[in-house]
Each structure stands twice: as structure tokens, then as C-alpha cells.
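Heads up, the thing below is written out as C-alpha cells.
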Amino acid sequence: MFHNIKPEILARMKWLEEKDSKDRTDGTPRSERLRQIPKETGKFLALLAANSPEGNIIEIGTSAGYSTLWLALACEKTNRDITTFEVLDDKYHLARETFQFAGVENIVNLKHGDAIEYLQNINNIAFCFLDAEKEDYDRFYDSVIPRLVPGGLLIADNVISHVETLGAVVDKANADERVDSVVVPIGKGELVCRRVPSDL
């Protein structure tokens, strides 16, 4: 999966990595930055997604599509696609450009708008990556967890870097008997929740 990434994908990943790094140092307003995951987190997500059970793969918070490209690698290997949601106009258009340049439009379904409105019609979720505005994590958690298939995964980003905001969500997951959960100290901290089969 990582040894034969297509040149078009690698080129767009590099461009996004450079832009993200520049955004963090050149005074770009926080709301306009890509704020994307680091490379090691992308690999971590791809490995988890590639080994997730049968079902839908979704992403909440596309930004410019960097994390989506890593998940697309897993989808390609497992003959699946990914549906990703972005609410901001500029990020949506940049993500669409990313998927065109990387040649993954046949794998990625990009949706414009609040994911919560789409989730009402999505069930059998095998894998969900959550990287949206931190104040919205709680409502997304409540919407996604009941829709996970047995063994399905919800991965939430930034739970260490934003512990003041997201600590309550981590506590909620740890107390939720529907899932097994752990915080993995990779990147900015990933909350990994696995849906427990109902017959256990």
C-alpha cells in the first residue's frame, strides 16, 4: 500500500504538506489554514481503514483532502470508496482540486455541507475519521457510534493537542459500553473507538 503509491498522489501529498507547513509560519489566519494531519497519522489511518470490517468508510472534515488521500489508498486495496464531508466553501473547492490532480475521483465521494445532515442516511459504517471543529465532536460521536457495524472504528483527531476541549469526549468514549476505546499518542493524539459486537 505504501510501497507503490501513484506519482500523482505523492505529488499532491507533497504539495499539501508544503502548503500546510507554510500556513503555520507565514501568518495565515487559523481559520484559513489547512490544519491537516501529519504523515505518520495518515499512515496510521490507512492501516486501520484497510483492516476495518465490511461497510462504509467516511471522513468528517475533509479540509484540502490530505487525510482523504491516505484513506483512499486503503479503499483502493479493499475495493471500496470513501465519502468525505466538508462544510467550508474554500476547503471544499481545494479538496475537489486535490482529488482531480491525484486521480482518485473514482474512489472519493466529496460532499459539501454539514455531515450531520448526511449521516441520517448512512448506516453500516465500518470506519469513520473525525477531524472537524472540536466543538462539534460530541454531536458527531453521538451520531456515528450507533451507525458503526460490529468491529467498526471511529477515529477522532487532536484529542491530546486539544485535551481541554476534547477531554470530555474521551471520557465519554471510555465510559461507553458500546465501544472499546484508547488514546494513541501519534500525531496530535488519536482517539480510537471500536464498536463492540452486541452479543458480547
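The values are calculated or read from the model by the stated rules, or taken from the named source; none is laboratory data. These numbers were taken from a predicted model, which means no experiment stands behind them. With ideal geometry, Cβ positions are generated from the backbone for all residues, glycine too; neighbour counts draw on all protein chains shown. Each accessible area value is taken on the protein alone, full model and side chains, heavy atoms only, with ligands, DNA and RNA left out. Shrake-Rupley method; radii C 1.70, N 1.55, O 1.52, S 1.80 Å.
I need the full set of residues from region 149-173 which are in contact (Cβ under 8 Å) with a residue 60 or more places away in the chain, assigned to a strand (DSSP E or B) and either open to solvent by less than 50 Å² (accessible area, probe 1.4 Å) or in contact with a Gly (Cβ under 6 Å, 6 or more places away or on another chain) (or both), in order please.
Answer for region 149-173, where residues must be in contact (Cβ under 8 Å) with a residue 60 or more places away in the chain, assigned to a strand (DSSP E or B) and either open to solvent by less than 50 Å² (accessible area, probe 1.4 Å) or in contact with a Gly (Cβ under 6 Å, 6 or more places away or on another chain) (or both): Val149, Gly151, Gly152, Leu153, Ile155.
Which residues, taken from region 54-74, are polar (S, T, N, Q) and either surrounded by fewer than 24 Cβ atoms within 10 Å (Cβ to Cβ) or out of contact with any Lys or Arg (no Cβ under 7 Å at 6 or more places or on another chain) (or both)?
Pass one, region 54-74, residues polar (S, T, N, Q): 56, 62-63, 67-68.
If the condition is that a residue be polar (S, T, N, Q) and either surrounded by fewer than 24 Cβ atoms within 10 Å (Cβ to Cβ) or out of contact with any Lys or Arg (no Cβ under 7 Å at 6 or more places or on another chain) (or both), then Asn56, Ser67, Thr68 are the ones that fit.
Can you name the number of the only condition in (1) exposed (fewer than 14 other Cβ atoms within 10 Å of the Cβ); (2) in a loop (DSSP other than H, G, I, E, B); (3) not small (Gly, Ala, Ser) that Ile186 fails?
Answer for Ile186: the failing condition is (1).
Return the only residue of Asp180, Asp176 being farther than 19 Å from Ala49 by Cβ, at pLDDT 95 or above and of a type in the set (Asp, Glu).
Every option except Asp176 fails the conditions.
May I ask you to verify whether Arg24 is open to solvent by 80 Å² or more (accessible area, probe 1.4 Å) and over 25 Å from Val192 (Cβ atoms)?
Judged against the criteria, Arg24 is a match.
Looking only at region 116-129, which residues are over 17 Å from Leu45 (Cβ atoms) and either open to solvent by less than 40 Å² (accessible area, probe 1.4 Å) or touching an Asp or Glu at 6+ places or on another chain (Cβ under 9 Å) (or both)? Can you show your working first?
Residues of region 116-129 over 17 Å from Leu45 (Cβ atoms): 116-124.
Correct list: Ile116, Leu119, Ile122, Asn124.
Please enumerate the residues belonging to region 76-107 that are under 13 Å from the mean Cα position of the chain (by Cα) and either open to solvent by 10 Å² or more (accessible area, probe 1.4 Å) or not hydroxyl-bearing (Ser, Thr, Tyr) (or both).
Those that are under 13 Å from the mean Cα position of the chain (by Cα) and either open to solvent by 10 Å² or more (accessible area, probe 1.4 Å) or not hydroxyl-bearing (Ser, Thr, Tyr) (or both): Ile82, Thr83, Phe85, Glu86.
Residue under question is Ala72, and the condition is that it be among the aliphatic types (A, V, I, L, M) and in contact with a helix residue (DSSP H, G or I) (Cβ under 7 Å, 6 or more places away or on another chain); does it hold?
no
Considering only region 38-53, how many residues are out of contact with any strand residue (DSSP E or B) (no Cβ under 9 Å at 6 or more places or on another chain) and open to solvent by less than 20 Å² (accessible area, probe 1.4 Å)?
2
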